[in-house]
Amino acid sequence: MVETGTIQKISLHSFHLDETFDLFIYIPANYTPFNKYNTLIASDGKDYFQLGGISHIADELIEDYEIENLIIVGIPYKNAQDRKRKYIPTGDQHEAYLNFLAHELVPFIDKEFSTAGTAASRGLIGDSMAATVSLLAALKYPNIFGKVILQSPYVDDSVLKIVEETPTRDSLIIYHTVGKQEDEAVTFYKDIKDFLTPNRKLHQLLVSKNYRHMIYEELEGNHTWKTWKPELRKALSNTFGI
């Protein structure tokens, strides 16, 4: 029987956003302050725990020695508008959210738990717009975030412009997937959008900028957790594998 980690709910106030977040924090069953742990931060965090079952997947991978010891931090969103304000470059709270991730959340987690405390041990994960903010945070703060898992990121001209203008982060590990049927994706906002073509553009841009530690795959599926959840095991194994 797989040993089950615990999920703690901890409140953290952000001065950058003037907002209190109720975080979901997965602590593996083998946790001890005498060891150092990797950290994975998930925007759309409540969805990753409730719809993605990420804690159960981590339990199994850690017990089977397929990934390194890992703490997972889930950041919930309030509503659809809140995601737009924080996750994409045109959002009025986007820069404040990036600052929250790097300068408030990371120091808090490093203080509260026994973490390795290096960029190489710290990653970001997200789906759709949450993947977008994960990528942009990793590009902006290469000395803080060294890994990023992108599940069907929202990509527009403003995102591509930032990627184009940001110096290549040589050591960044990128795991990037999108569904083959996402050329007609029904979004969180109930509109129809082509995610596949912009994701292909993003991938080609990253290739042209000589990102070397990168996995890109087009999956069978659309813009839903039915596609993202089964991919989590592979994403964690490739990003935090032993």
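What the table below lists for this structure:
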| item | result |
| --- | --- |
| Amide H contacts of residue 126 (H built 1.01 Å from N, under 5 Å, at least 5 apart or other chain) | 149, 151 |
| 10 Å Cβ shell holding at most 13 others, DSSP loop, GluC sites (Glu not before Pro): longest site-free stretch of the chain | 4-219 |
| Relative contact order (%) - the stretch 7-109, alpha-carbon pairs under 8 angstrom, separation at least six | 29 |
| Derived scalar couplings ³J(HN,Hα) [the stretch 67-77; Karplus, 6.51 cos²θ - 1.76 cosθ + 1.60; whole Hz; x for Gly, Pro] | 10, 6, 4, 9, 9, 10, 10, x, 10, x, 10 |
| Net lengthening on full extension, residue 162/residue 208 (0.36 nm per residue, minus Cα-Cα) | 15.1 nm |
| Net length gained if the chain between residue 143 and residue 15 were fully extended (0.36 nm per residue, minus Cα distance) | 43.9 nm |
| J(HN,Hα) series, the stretch 120-133, from Karplus relation 6.51 cos²θ - 1.76 cosθ + 1.60, nearest Hz, glycine and proline x | 5, 9, 10, x, 10, 9, x, 10, 6, 5, 5, 5, 4, 5 |
| Label-to-label distance, nm, for residues given as residue 35 and residue 4 (7 Å Cα→Cβ offset) | 2.0 |
| Spin-label pair residue 186/residue 78, simplified geometry with 7 Å Cα→Cβ offset, distance in nm | 2.8 |
| Straight-distance crosslink candidates among lysines, where the alpha carbon sits under 21 Å from residue 226 and sequence neighbours closer than 8 are dropped | 46, 180, 190, 193, 234 |
| At most 13 other Cβ within 10 Å, DSSP loop - trypsin sites (Lys or Arg not before Pro), the stretch 62-139 | 78 |
| Student exercise, the chain dipole from Lys, Arg, Asp, Glu Cβ charges, in Debye to nearest 20 | 300 |
| Label-point separation in nm, residue 92 to residue 218, each point 7 Å along Cα→Cβ | 3.9 |
| Förster radius 25 Å - calculated FRET efficiency between residue 50 and residue 112, Cβ distance, rounded to 0.05 | 0.65 |
| The chain: calculated mean residue ellipticity at 222 nm from DSSP helix runs of at least 4, using -39500 (n - 2.57) | -10500 deg cm²/dmol |
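Values quoted throughout were computed directly from the atomic coordinates according to the rules given, and no laboratory measurement underlies them. The structure presented is a predicted model; accordingly, all values stated were derived computationally and were not measured. Using ideal geometry, Cβ is built from the backbone for each residue, glycine included, and neighbour counts are taken over all protein chains shown.
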